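Report on the following structure.
Derivation of every value follows stated rules applied to the coordinates shown; laboratory data play no part. The structure displayed is predicted, hence computed values, not measured ones. Every residue, glycine among them, receives a Cβ derived from its backbone with ideal geometry; neighbour counts consider all protein chains shown.
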Amino acid sequence: MVDFDGKVVIITGGALGMGRAAAHEFAKSGAAVVVADIDDEAGERNVRRMHDESQNGLFVRADVSDACDCRGVVEAAVAAFGGVDILFNNAGIQPPDSYLNVEDTSEETWDRITGVNLKAHFLMSKYTIPEMRKRGGGVIINNASVQGLQSQPLVPAYAASKGGVLSLTRQMALDYASEGIRVVAICPGTIDTEMVRTVAAQEGGDIAQTLARYGAGHPIGRIGQGGDIAALVLFLASDAASFMTGTHVVIDGGLMAMGAWAGGAGAATEDD
Ligand SMILES: NC(=O)c1ccc[n+]([C@@H]2O[C@H](COP(=O)([O-])OP(=O)(O)OC[C@H]3O[C@@H](n4cnc5c(N)ncnc54)[C@H](O)[C@@H]3O)[C@@H](O)[C@H]2O)c1
């Protein structure tokens, strides 16, 4: 386990899902963790658990698509813990009612998805980088998705936002490398979180069976867990990854390694 004693970490969307898993792993490793989220109840619950386990945590209610809220998160982190070393830009949304083509996607839906998934990464970075500079460097980890690399039908805003996150990652890495600020992205496959369970519930039927079916589509035979993502995020935030910047890491149980023509019903074989 890496020692993050003395480090201050901000995690957007840290109330649930991957953010919650990363928050607990950072806190267990000695970091002071600021959970920024719109979900007061879940966010407060996480921080209470950290305090119960004698860890340092702070919940800040924030809509990270809003500039004032983002500035407020950074100010609260500095006031409570004296600075910021690590930013996990994690919050993201994929509303079940947003699976539409471009013609049917409303401007409001486009703005909401790109606001949380992409603009928030820009805003949080904008206000955090000056604080990292004061500490002589830092690490920004942006949660993108395999959907930033390939896509599925009917997710125009989500796909565009995740592709944008990968471009923003490269850009910020170039612009801040000389100041000791590394910027990397992660591209998860399907991970068992509230987001995925909401999508699975839309299909009707037994959620466990639906998740198992999603898992069967991944070469490793299961979907990922929050802990899989947390382990990667802590590695990327650590000095063990000190030569990594401007790049992304795919963490998907082999999903992206598999061609659409390989395996599965209806796939072409050499006998065809
Ligand atoms: N779950 C997956 O399979 C999967 C795969 C690839 C990428 N991702 C990405 O990983 C990230 C985390 O996803 P998750 O599955 O843990 O989602 P989740 O829905 O389980 O958790 C997301 C968290 O973000 C918070 N949030 C939502 N809107 C917010 C806002 N405006 N301001 C502040 N907080 C807000 C939610 O309250 C929640 O706590 C997202 O960026 C998502 O796009 C998820």
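Please determine, in degrees from 0 to 90 and to the nearest 10, the orientation of helix 207-216 with respect to the longest principal axis defined by the Cα atoms of the chain, where the helix direction is its Cα long axis.
Taking the Cα atoms of the chain, the angle to 207-216 is about 80 degrees.
Net charge within 12 Å of Glu75 by Cβ-Cβ distance, Lys/Arg positive one each and Asp/Glu negative one each, not counting Glu75 itself? The partial results should precede the final answer.
Working: positive: Arg71; negative: Asp69, Glu131.
Value of the local net charge: -1.
How would you classify the chain from its alpha-carbon gyration tensor, with a ≥ b ≥ c the square roots of the eigenvalues: rounded for a/c under 1.5, else prolate if a/b is greater than b/c, otherwise oblate?
Working: a/c = 1.59, a/b = 1.58, b/c = 1.01.
Cα axes put the chain in the prolate bin.
So what is the 222 nm mean residue ellipticity for the chain from helices alone, if each DSSP H run of at least 4 adds -39500 (n - 2.57) and you divide by all residues, rounding to the nearest 500 deg cm²/dmol?
-13500 deg cm²/dmol
With a ≥ b ≥ c taken as the square roots of the eigenvalues of the C-alpha gyration tensor of region 1-79, please select rounded if a/c is under 1.5 and otherwise prolate if a/b is larger than b/c or oblate if it is not?
The shape class here is prolate.
If the elastic network links every pair of Cα atoms under 10 Å, which of Gly83, Gly259, Gly189 fluctuates the most in the Gaussian network model of the chain?
Highest fluctuation of the listed residues: Gly259.
By the scheme Lys and Arg +1, Asp and Glu -1, what is the net charge of all other residues having a beta-carbon under 15 Å from that of Leu168?
Summing Lys and Arg as +1 and Asp and Glu as -1 gives +4.
Just to check I understand the Karplus step: with θ = phi - 60° and J = 6.51 cos²θ - 1.76 cosθ + 1.60, what whole-Hz values come out for region 166-181, glycine and proline as x?
Those phi angles translate into 5, 5, 4, 4, 4, 4, 5, 4, 5, 6, 10, 4, 5, 9, x, 9 Hz.
List the residues whose amide H sits under 5 Å from the amide H of Ser151, counting only those 5 or more places along or on another chain, with H placed 1.01 Å from N in the peptide plane.
Sorted by chain and number, the residues that satisfy this come to none at all.
Over region 8-256, calculate the relative contact order: mean separation of alpha carbon pairs under 8 Å at least 6 apart, over the residue count, as a percent. Intermediate results must be reported in sequence, preceding the final value.
Values: 488 pairs, mean separation 49.0, N = 249.
So the answer I get is 20 percent.
Which far-off residues, 5 or more places away or on another chain, put their amide H under 5 Å from the one on Gly57, with H placed in the peptide plane?
Val33
Taking the Cα centroid of region 59-77 and of region 174-198, what is the distance between the two, rounded to the nearest whole Å?
Between the Cα centre of region 59-77 and that of region 174-198, the gap is 19 Å.
Could you please rank Phe243, Phe88, placing first whichever residue has the fewest other Cβ atoms within 10 Å of its Cβ? Before the final figure, lay out each step's value.
Details: Phe243 7, Phe88 31.
Exposure proxy ranking, most exposed first: Phe243, Phe88.
Determine the sum of side-chain charges near Glu44: Lys and Arg each +1, Asp and Glu each -1, restricted to other residues whose C-beta is under 14 angstrom from that of Glu44.
0
If exposed GluC sites (Glu not before Pro) are those in a DSSP loop with at most 10 other Cβ within 10 Å, what is the longest stretch of the chain that has none? The partial results should precede the final answer.
Details: sites that count: Glu103, Glu270.
So the longest stretch without any such site is 104-269.
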